[in-house]
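First comes the structure, then the notes that go with it.
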Amino acid sequence: MRHLMSPMDFSVEELDALMDLAVDIEKEPAKYAHKCDGRILATCFYEPSTRTRLSFESAMLRLGGKVLGFATADSSSAAKGESVSDTIRIISSYADICAMRHPKEGAPMVAASKSWIPVINAGDGGHQHPTQTLTDLMTIRSLKGSLSDMTIGLCGDLKFGRTVHSLINALCRYENVKFVFISPPELRIPDYIREDVLIKNNIEFKEVIKLDDVMPELDILYMTRVQRERFFNEEDYVRLKDFYILNKEKMALAKKDMMVLHPLPRVNEISVEVDDDERAMYFKQVRYGMYIRMALILTLLDLAS
Ligand code: NCD
């Protein structure tokens, strides 16, 4: 039995196979419409979500399966003090696969260690968000044709943004990928990513504060929201929340084929005027997220072939 905790749980070849499967599902959905007949997905979400939970549910329904679960910790027995280890044992009797989001780093991993069904980390605190990374990889591969030879700028809350941490991990395995980290000094990438992932693997990167200066070099700009829920005080959040606002003026500095991605939800960091720019890909990105989750469910349930 296999779980997904981090994008590194899959080799580059396995990721390719997963993306190929997602492409095929998008092309021929009818072929997959009954693959999960009789199977149940549980979504156990201890933290808010729109896209991740609903795209998992949509993915399972489109495969012919059924879904159950909870969307907030206070509507589950967590509110009565039940541990994640106990909850997953219960869920294991009711469902065939589980997607779990939790505010505590490592909670889905604890669940996986006690589970009798595959567990997917749907976001654990400020740590990892592997299925968002699968979505991002699929978007880049589909729209740019490859995951190699590019300069990617990641902008915003690089400290608490789990999507950023997972994406850096995953992209380090491709050829000639350079990173530009754009953040206020307080929200720089964590030391463990800088040292254990980037420096250790000899990956080219730089860290800057101003977005305008680096705009012309980027092939991809990955914008992120300042993660309010992970701040210790509201004052710091208010001071930093509008540090970056991507607008038409800034887009004018970018390459003609630069691509703007965002895991969403957006708050203020991308002005709505950018939505009409043909380089704005964040709404398209959402759709890839559903197909790649369909491919993931099939793979973890061993129903892919
Ligand atoms: C992200 C998350 O939950 O980490 N959202 C998502 O799943 N697409 C990004 C965010 O909340 O800022």
Pull up all non-local amide H partners of residue 150: gap of 5 or more, or a different chain, and H-to-H distance under 5 Å with H placed in the peptide plane.
177, 178
Here the percent of antiparallel bridges among DSSP beta bridges lying wholly in the range 12-170, to the nearest 5, is 5 percent
Crossing angle, helix 12-27 versus the chain [Cα axis fit, 0-90 degrees, rounded to tens]:
80 degrees
Rounded, prolate or oblate: which one fits the range 167-259, using the alpha carbon gyration tensor with axes a ≥ b ≥ c (rounded when a/c is under 1.5, else prolate when a/b beats b/c, else oblate)?
oblate
The chain: angle of helix 282-300 to the longest principal axis, Cα-based, in degrees nearest 10:
40 degrees
For the chain, the longest principal axis of the Cα atoms and the Cα long axis of helix 162-171 enclose an angle in degrees, to the nearest 10, of 80 degrees
So if I restrict to the alpha-carbon atoms in the range 1-130, what is the Rg, and what is Dmax, the biggest pairwise distance, in Å?
14.7, 45
extent check for the range 130-285: Cα max minus min per principal axis, descending, whole Å, gives 42, 38, 30
Going by average Cβ density within 10 Å per residue, which order do the peptides 192-202, 55-65 take, highest to lowest?
55-65, 192-202
Phi angles of the range 118-129, converted by Karplus (6.51 cos²θ - 1.76 cosθ + 1.60, θ = phi - 60°) into ³J(HN,Hα) in whole Hz with x for Gly and Pro, give x, 10, 10, 6, 9, x, 10, x, x, 8, 9, 8
Cα pair distances in the range 82-219, grouped into 10 Å bins until the bin that holds the longest one, percent each:
12, 36, 30, 16, 6, 0
Nearest 5 is fine: what % of DSSP beta bridges in the chain come out antiparallel, could you say?
5 percent
When the Cα centres of the range 103-169 and the range 1-45 are compared, how far apart do they sit, in Å?
15 Å
With θ set to phi - 60° and the Karplus curve 6.51 cos²θ - 1.76 cosθ + 1.60, what are the ³J(HN,Hα) couplings of the range 82-97 in order, to the nearest whole Hz, using x for Gly and Pro?
5, 7, 4, 4, 5, 4, 5, 5, 5, 4, 4, 7, 9, 9, 9, 7
At q = 0.11 Å⁻¹, what log₁₀ I(q)/I(0) does the chain have when each alpha carbon counts as one equal point scatterer in the Debye sum?
-0.66
Run the quick spin-label model on residue 72 and residue 13: label points 7 Å from Cα toward the beta carbon, then report their separation in nm to one decimal.
4.7 nm
Amide H of residue 65 versus every other amide H placed in the peptide plane: which residues, excluding those fewer than 5 positions away on the same chain, fall under 5 Å?
36
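Laboratory data are not the source of any read-out in this text; all were calculated from the coordinates shown. Only a predicted model underlies this, so the values are computations on that prediction, with no experimental measurement involved. Please note: Cβ atoms are built from the backbone with ideal geometry, for glycine as well, and neighbour counts cover all protein chains shown.
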